[in-house]
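A quick write-up on the structure given underneath.
Please treat every number below as a calculation from the coordinates, not as lab data. If you're wondering where the values come from, they're calculated on a predicted model, not measured in any experiment. With ideal geometry, Cβ positions are generated from the backbone for all residues, glycine too; neighbour counts draw on all protein chains shown.
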Amino acid sequence: MSSTNSDFFNSPFTPKVFFVPDADDPAQAEYLYTSTNDSFYDATITHPRIQRIDYTAGEQWIRSEVGEEEELKRGKIMAIFGPSKKYRKFYITTLTRGMLRGNPIMIAGSCVRRVYAFLPH
């Protein structure tokens, strides 16, 4: 979702309990989440777990939320990680971008405007 600053910042956020889309149960969600994070070269900080990030790409404001379609139609967002310990990047994963194959969508920490965490367990 991208929009003007006013519309963007006034949109609601509904926190949810941690999940990975299409996981059969919490144990599988945990496995998918940790094994995906472990595959990154630059390990990320995994707590709190991220449900949504708002960031800029050039002049465009972008919202990425777990379970929603990625902004550029690269698939359903499966997980969001970050910031990475060394480079301070955030990683957005879809099935074909970082989860099962390919590289995640990388967002520079300086571009991230808001981070929304899942509800605590």
Other-chain or far-sequence residues with amide H under 5 Å of residue 51's (modelled H): 116, 117, 118
At most 10 other Cβ within 10 Å, DSSP loop - chymotrypsin sites (Phe, Trp or Tyr not before Pro), the range 1-97: 41
Rounded tilt (10° steps) of 26-38 against the dominant C-alpha axis of the chain: 80 degrees
Inverse mean reciprocal Cα-Cα distance (Kirkwood Rh) of the range 14-85, Å: 13.2 Å
The chain - Rg and Dmax from Cα coordinates, angstrom: 13.6, 40
